[in-house]
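**Q** Below are the structure tokens for one structure; questions will follow.
The values are calculated or read from the model by the stated rules, or taken from the named source; none is laboratory data. What you are looking at is a predicted structure, and each value in this text was computed from that prediction instead of being measured. Every residue, glycine as well, gets a Cβ built from its backbone with ideal geometry; the counts of neighbours run over all protein chains shown.
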Amino acid sequence: MKNQSFHLSIRHVSKTYANGVQALNNVSLDIPPGMFGLLGPNGAGKSTLMRTLATLQEPDEGEIFLGNIDVVNQKEELRKTLGYLPQEFGVYPKASAEELLDHFAVMKGIMNRTVRREVTENLLKQTNLWDKRKQKLGGYSGGMRQRFGVAVALLNNPRLLIVDEPTAGLDPAERVRFLNLLSELGENSVVILSTHIVEDVSELCTNMAIINKGQILLEAQTSEAVAALKGYIWRKLIDKNTLPALEQEYKVISAKMLGSRTMVHIYSQEIPGNGFESVEPDLEDLYFSTMTGNYVQPHVSKKEGKK
Ligand SMILES: Nc1ncnc2c1ncn2[C@@H]1O[C@H](COP(=O)(O)OP(=O)(O)OP(=O)(O)O)[C@@H](O)[C@H]1O
């Protein structure tokens, strides 16, 4: 059984930068152990929230607890059990993976050589880098570097692992390998995957949230939230130039080029007629329905009301 009391609780967190941009606006989330996807477009506030959780910056308002640890006021406590893979992960190009991981292990306080060798060997195997451990990091591919980043992040066996936009720039095979690695981390820690890529969340995350303009628009169990749209998503193949007219009449949530034509998905609680056919909803439909304001999760709008 999972430890239900061990979760990440984010309460009414807000942040406005000195230039006046409000990056987080009254964000509240309850994140259980396991994989959690934070989905949102560029500029939504994901990195600001991830950096705040990683104790690299402070919110203007709000509370964050990981179990009993007060993240804002007990930074050192949190750091002992935190793994953070930032969006930009710099490595020393001339060091090998084995050397640099050993170096980070010393920095994280693993002073005993035998223990260190055991820990780093296990992590290099877990991240599938063991065969490449002597290779210089400068010659690593993007995916290998990201996996090395995970090895570093896992050095202290964290109970909170934060990965910020990890698959951007990875080729499809590397992306799958990287996501498989995350999914193996199990249910003993809170793993937050921040991304603008819908498939990353649909393939991996049991629970998720959608953030836009600093506000949480939806917080849900992924498959339940998608199932809640059943019967409301419809599609039709159209000529691109008829799209503006269609947008006047229907709640268009997405339009994708398909050869010379355009596949349109709409949100409608009634049968729209006019050649639309019902389609099984997926996470992309949920994302676009939410982002376009056509689907509003009832309890989030209540919960996000001011304190
Ligand atoms: N240090 C900063 N000073 C001022 N504004 C900032 C700073 N960092 C982020 N912002 C602004 O805050 C908003 C949220 O940015 P943030 O990086 O958190 O979003 P994001 O969802 O991670 O986007 P991306 O995927 O592009 O990184 C954006 O409008 C951004 O320009």
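**Q** Across segment 149-170, what is the number of residues that are within 17 Å of F89 (Cα to Cα), surrounded by fewer than 18 Cβ atoms within 10 Å (Cβ to Cβ) and over 16 Å from the mean Cα position of the chain (by Cα)?
**A** 0
**Q** Among the residues that make up segment 188-195, is at least one of them farther than 21 Å from G40 by Cβ and in contact (Cβ under 8 Å) with a residue 60 or more places away in the chain?
**A** yes
**Q** Just name the residue that is farthest from T167 (Cα to Cα) out of those in segment 78-111 that are part of a helix (DSSP H, G or I) and small (G, A, S).
**A** Step by step, filter segment 78-111, then rank; the result is A105.
**Q** Let me ask another. Just one of (1) near the ligand (Cβ under 7 Å from one of its atoms); (2) polar (S, T, N, Q); (3) touching an Asp or Glu at 6+ places or on another chain (Cβ under 8 Å) trips up T48, so point out which.
**A** Here T48 meets the rest and fails (3).
**Q** Would you confirm whether or not segment 1-8 contains a residue that is at pLDDT 95 or above, out of contact with any helix residue (DSSP H, G or I) (no Cβ under 8 Å at 6 or more places or on another chain) and surrounded by 15 or more Cβ atoms within 10 Å (Cβ to Cβ)?
**A** Within segment 1-8 (the criterion being at pLDDT 95 or above, out of contact with any helix residue (DSSP H, G or I) (no Cβ under 8 Å at 6 or more places or on another chain) and surrounded by 15 or more Cβ atoms within 10 Å (Cβ to Cβ)), the answer is no, since none of the residues qualifies.
**Q** Now a separate question. Out of segment 68-84, which residues are crowded, with 16+ Cβ neighbours inside 10 Å, touching a residue at least 40 places away in the same chain (Cβ under 8 Å) and over 26 Å from Q22 (Cβ atoms)?
**A** Selection gives T81, G83.
**Q** Among residues belonging to segment 64-77 that are under 12 Å from L53 (Cβ atoms) and assigned to a strand (DSSP E or B), point out the one that is nearest to the ligand (Cβ to nearest atom).
**A** Selected residue: I64.
**Q** Within segment 119-147, how many residues turn out to be assigned to a helix (DSSP H, G or I) and touching a Phe, Trp or Tyr at 6+ places or on another chain (Cβ under 7 Å)?
**A** Number satisfying all stated conditions: 6.
**Q** If you don't mind, another one. Any residue at all in segment 223-241 that's crowded, with 17+ Cβ neighbours inside 10 Å and under 30 Å from V21 (Cβ atoms)?
**A** Within segment 223-241, one or more residues are crowded, with 17+ Cβ neighbours inside 10 Å and under 30 Å from V21 (Cβ atoms).
**Q** Something else about it: Go through M208, M263, M257 for me and flag whichever is in contact (Cβ under 8 Å) with a residue 24 or more places away in the chain and over 16 Å from the mean Cα position of the chain (by Cα).
**A** Result of the check over M208, M263, M257: M263.
**Q** Filter segment 202-234 for residues that are part of a helix (DSSP H, G or I) and not charged (D, E, K, R) and give the result.
**A** S202, L204, T222, S223, A225, V226, A227
**Q** Also: F178 is checked against (1) surrounded by fewer than 19 Cβ atoms within 10 Å (Cβ to Cβ); (2) modelled with pLDDT under 90; (3) over 20 Å from I10 (Cβ atoms) and fails just one. What number does that condition carry?
**A** Going through the list (1) surrounded by fewer than 19 Cβ atoms within 10 Å (Cβ to Cβ); (2) modelled with pLDDT under 90; (3) over 20 Å from I10 (Cβ atoms), F178 breaks only (1).
Per-residue answers, yes or no, for (1) of a type in the set (K, R); (2) assigned to a strand (DSSP E or B); (3) farther than 22 Å from H196 by Cβ; (4) touching a Cys at 6+ places or on another chain (Cβ under 6 Å):
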residue	(1), (2), (3), (4)
K236	yes, yes, yes, no
L243	no, no, yes, no
L246	no, no, yes, no
S254	no, yes, no, no
M257	no, yes, no, no
M263	no, yes, no, no
I266	no, yes, yes, no
T290	no, no, no, no
V296	no, no, no, no
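**Q** Looking only at segment 28-45, which residues are within 12 Å of A209 (Cα to Cα), touching a His at 6+ places or on another chain (Cβ under 9 Å) and away from the ligand (no atom under 11 Å from the Cβ)?
**A** S28, D30, I31, listed by residue number.
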